[in-house]
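Notes follow once the structure below has been shown.
Computed from the coordinates by the stated procedures, all read-outs in this text should not be read as laboratory data. The model shown is predicted, which means the values in this text are computed figures rather than measured ones. In this analysis, Cβ positions are derived from the backbone assuming ideal geometry, glycine residues included, and neighbour counts consider all displayed protein chains.
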There are 2 protein chains.
Amino acid sequence: MDRRTEILEAAAKSFALFGYKATTMDQVAKIANVGKGTIYTFFANKEELFNAIVVGMIEEMRTKAEAAAIVGGTFEENAHARLMSILKFRTTHQLYAKLIDEGKEIRTPAVQEVLADIETQIVKFIAEKIQKGIDRGEVKSCNVEMVAYLLFKSYMALVVDWGKTHGQELDETEIIDLLSNTIFKSLII
Amino acid sequence: MDRRTEILEAAAKSFALFGYKATTMDQVAKIANVGKGTIYTFFANKEELFNAIVVGMIEEMRTKAEAAAIVGGTFEENAHARLMSILKFRTTHQLYAKLIDEGKEIRTPAVQEVLADIETQIVKFIAEKIQKGIDRGEVKSCNVEMVAYLLFKSYMALVVDWGKTHGQELDETEIIDLLSNTIFKSLII
DNA sequence: AAATGACTATAATTCAATTACGGTCATTTG
DNA sequence: CAAATGACCGTAATTGAATTATAGTCATTT
């Protein structure tokens, strides 16, 4: 394995375990079995190293979300499957979960920027799928950007936020029932 | 004006101006022209004084939201008017705006609890209106709690959150257009 | 009986000393 | 000699002791 990859893997491990702030460049160098200076021949600074790892994570999330769709499934089925996959990734993927926590609790600016960027990319991803649905004649013409945003925020609200104030999580069937009867119903041709 | 009221007004002024944490009981006593000990004959502690003021604020918000409805208006028109009224109150009302800021920036626990409680009460308020809509035959039978939550979160997303990531706020007509064509369309008989 | 403010115990804040860290660069290594 | 390295530097973060501020009490006053 080349040095660059070793550094990336070491950093990914450390960021996932300790978060952005608590990961030191000395530590990354040690885990990667590399002099600290070597890191700086591949990455301009700590934040760029971090961003490189996040790019990989987003790629992974996108792949998982794509894979969640069923061939021959309706727009609604696939949209639901993809969104649930993305939201599950938030808690499943150690680095992502750590970043969410760090963004809220410590509020490291670099982490908050990254999280905002991830959200933007997710919404853009959803928007692409909606546009495809429109092109295929499955979905009504609409303000794609806004509908994507509304869908994402609705899923976040029901999957992530509800449990925090209501003591227990909503069941996935309750969520799909509600959204199927509200947003999806008016969205699908 | 009786002492209790004077204390309440002084405290309301101070909380709105400086927030919960930065308001001292000495300061409230001074503004109210009252000995500090007197405050404790009416309120068990700082938090109870705070809660008493928040109760008043919620009452005011509720009154404003009720007044926003048009007599003879449809469910959709009135739901929209009420929700916009509530969300405008967030930024208009000095105390509320201060608390939102303090909840996010300083994260005073007493303030965060109060904010969570206000949200719960808003959702409950919306749920009542939906239930009335169902009883009147204007709204389809549905999971009232969940629809109320979804509506509130949708409005929050479009009115409050959108601007933060997209550079500029959405126009109110864009918001009502979108929601009219999605959630409301499937909700109304 | 109601009001008060000096008083107390505790929590928050300061600030100087110390430590930790990101990033550099002269030296070493293969 | 190009790539790798880690001692080194300036700055940022942390610590802890000293100080100050504050919520809440209660003996005294009105």
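Lysines near B:Lys129 by alpha-carbon distance under 27 Å, same-chain residues fewer than 8 away left out - which ones?
A:Lys153, A:Lys164, A:Lys185, B:Lys64, B:Lys88, B:Lys140, B:Lys153, B:Lys185
In nanometres, what is the gap between the two model label sites at B:Ile188 and B:Lys124, each 7 Å from Cα along Cα-to-Cβ?
It works out to 2.9 nm between the two label points.
In nm, give the distance between the simple-model label positions of B:Gln112 and B:Thr165, each being 7 Å from the Cα along the Cα-to-Cβ direction.
2.2
Quick check: from the Cα gyration tensor, does the protein assembly as shown come out rounded (a/c under 1.5), prolate or oblate? Please list the in-between numbers first.
Working: a/c = 2.66, a/b = 1.21, b/c = 2.20.
Oblate.
Once the other residues with Cβ under 15 Å from the Cβ of B:Glu66 are scored (Lys, Arg +1; Asp, Glu -1), what is the net sum? Spell out each step's value before the answer.
On the way: positive: B:Arg62, B:Lys64, B:Arg82, B:Lys88, B:Lys124, B:Lys129, B:Lys132; negative: B:Glu59, B:Glu60, B:Glu77, B:Glu128.
Combined, the nearby Lys, Arg, Asp and Glu give +3.
Which residue fluctuates the most in chain A, going by a Gaussian network model with Cα springs under 10 Å, if the choices are A:Ile126, A:Ile86, A:Ile58?
Of the options given, A:Ile58 has the highest mean-square fluctuation.
Thinking of segment B:46-187 as a set of Cα atoms, what percent of all their pairs are more than 17 Å apart? Don't skip to the end; give the middle numbers.
On the way: 6287 of 10011 pairs.
It works out to 63 percent of all Cα pairs.
Which value in nm describes the separation of the simple spin-label points at A:Gln94 and B:Glu59, placed 7 Å from the Cα toward the beta carbon?
Calculated label separation equals 5.4 nm.
Looking only at B:Phe43, B:Phe15, B:Phe75, which one moves most when chain B is put into a Gaussian network model with springs between Cα atoms under 10 Å?
Highest fluctuation of the listed residues: B:Phe43.
Quick one: Karplus J couplings for segment A:142-147, per residue in order, coefficients 6.51, -1.76, 1.60, θ = phi - 60°, nearest Hz, x for Gly and Pro?
Per-residue couplings from phi come out as 6, 6, 4, 4, 5, 5 Hz.
Under 8 Å for C-alpha pairs, at least 6 residues apart: give me the relative contact order for segment B:1-43, rounded to a whole percent. It would help to have the intermediate numbers written out before the result.
Details: 28 pairs, mean separation 18.1, N = 43.
Relative CO of segment B:1-43 lands at 42 percent.
Output ³J(HN,Hα) for segment A:67-73: one whole-Hz value per residue in order, computed from phi by the Karplus curve 6.51 cos²θ - 1.76 cosθ + 1.60 with θ = phi - 60°, and x for Gly and Pro.
5, 6, 6, 9, 5, x, x
Can you give the helix-only mean residue ellipticity at 222 nm for chain A, where every DSSP H stretch with n ≥ 4 adds -39500 (n - 2.57) and the sum goes over all residues, rounded to the nearest 500 deg cm²/dmol? The partial results should precede the final answer.
Details: 11 runs with 142 residues, N = 189.
Dividing the helical sum by the residues of chain A leaves -24000 deg cm²/dmol.
In degrees, nearest 10, range 0 to 90: what is the angle between the Cα axis of helix A:172-181 and the longest Cα principal axis of chain A?
50
Normalised by the number of residues in chain A, what is the relative contact order in percent for Cα pairs under 8 Å and 6+ residues apart? Show your work: numbers first, answer last.
Values: 149 pairs, mean separation 34.3, N = 189.
In percent, rounded to a whole number, it is 18.
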